[in-house]
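Derivation of every value follows stated rules applied to the coordinates shown; laboratory data play no part. None of these values were measured; they are calculated from a predicted model. Glycine gets a Cβ as well: all are built from the backbone with ideal geometry, and neighbour counts include every protein chain shown.
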């Protein structure tokens, strides 16, 4: 199954500092192993950023939740892919997205037979999606703040440290969440990822992934790797 979208290459000449930042997060089905893309579907995704908001430039969000905006996982992923294709070129900001969110989606797309605009370098893990670049905020924060100050760089503890109040749930029971709470949770994590990176933008723009030389993939990358060196978000 194809999304029907034509992949657009990121423009290598675009100045990174001028691109909008889109916070991005996914949630997976925890009724099985939610970290295993061979078993667990994606049940919610969210994007957060300025161009998603009102005409006055205030931040807004787009989210897709199973049994909410999306009837099934293929629809959810196709709608996400179409939304990204239609958005102005920007930087997708994730938190541990290099090791989890993006390879998880790629593997799910492969298993579902979906062709999407996500590209992941099979060696470095660097990624792009249509004309969007990618930056893993966790990697950037770990490299200096985590190393020099010795604090947790997990999303929620770091967010609380700067005065934010994340939406909290039992991460082992995501499959039991009401649709409204699941949506609020995934949107909160996307917002916090974008906020933490925007606080240090453009200083950490250099952590943005290079554009992979490979073509569009549909899950031909390695499965996500459980990152045990940081407390879960």
Relative contact order for region 18-206 using alpha-carbon pairs under 8 Å, separation at least 6, rounded to a whole percent? 28 percent
Students often check this: by mean Cβ neighbours within 10 Å, which of 191-204, 147-160 ranks highest, and how do the rest follow? 191-204, 147-160
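Can you give the FRET efficiency for residue 160 and residue 15, using 1/(1 + (r/R0)^6), R0 = 22 Å, r = Cβ-Cβ distance, to the nearest 0.05? Walk me through the numbers on the way to the answer.
Values: r = 33 Å, r/R0 = 1.49.
After rounding to 0.05, the efficiency reads 0.10.
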Need one number: nm distance between label points at residue 179 and residue 143, each 7 Å from Cα along Cα→Cβ, rounded to one decimal. 4.1 nm
Relative to the present Cα-Cα distance, how much length would full extension add between residue 152 and residue 39 at 0.36 nm per residue of separation? 37.7 nm
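Test of understanding: ordering 42, 32, 62 by Cβ neighbours within 10 Å, fewest first, what list do you get? Before the final figure, lay out each step's value.
On the way: 42 24, 32 13, 62 19.
With the sparsest Cβ surroundings first, the list reads 32, 62, 42.
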Ranking of 185, 141 by count of other Cβ atoms within 10 Å, fewest first: 185, 141
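Taking neighbour counts of Cβ atoms within 10 Å as a proxy for exposure, in what order, fewest first, do 72, 29, 209, 170 appear?
Details: 72 12, 29 18, 209 23, 170 9.
By the 10 Å Cβ count, ascending: 170, 72, 29, 209.
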